[in-house]
């Protein structure tokens, strides 16, 4: 499986003395490294030299982008996500059958847009939003409820 985002899963982090850090975006070198992994996976699948890990990476960022957009950071439509899900599902199906892991041109264009959006989210969204989205992804992959909890309003 693709490597998960290397973030702390300590849900009490927002209440720690470092709570101010949760309000800032992640460090630029970390954001750049995460974005580079996505672009490398996307390029490998575009050229037909990818593998299951690359397809899993695109699936993860598709979900993370959607979760971050739901939190108000970035934009992606339900239709874009549904189309991306179908495209990456086809990559998995064909890859398992033939051993060729490749995105078609339409799938590449869609995931290029999603990857660009993800880059922007990593550079702009605060750490708390990225951590929440990553925790939702973890719950989703574990097969448990992954919906964002309702936040209390003052």
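Before moving on, here are some points about what is shown:
- Panel order for 70, 100, 79, by other beta carbons found within 10 Å of each beta carbon, from fewest to most: 79, 100, 70.
- The Cα atoms of segment 25-140 cover 41, 29, 25 Å along the three principal axes, with the biggest extent listed first.
- Where the Cα pairs of segment 69-131 fall when distances are cut into 5 Å bins, in %: 4, 17, 22, 19, 16, 12, 8, 3, 0
- Eigen-decomposition of the gyration tensor built on the alpha-carbon atoms of segment 15-56 gives equivalent ellipsoid semi-axes of 33, 10, 5 angstrom, largest listed first.
- Taking a point 7 Å out from the Cα of residue 19 in the direction of its Cβ, the residues of segment 114-133 whose backbone N falls within less than 19 Å of it are 126-132.
All of the numbers you see were taken from the coordinates with simple rules; none came from a lab. Source: prediction; values computed, not measured. Cβ atoms come from the backbone with ideal geometry, glycine included; neighbour counts cover every protein chain shown.
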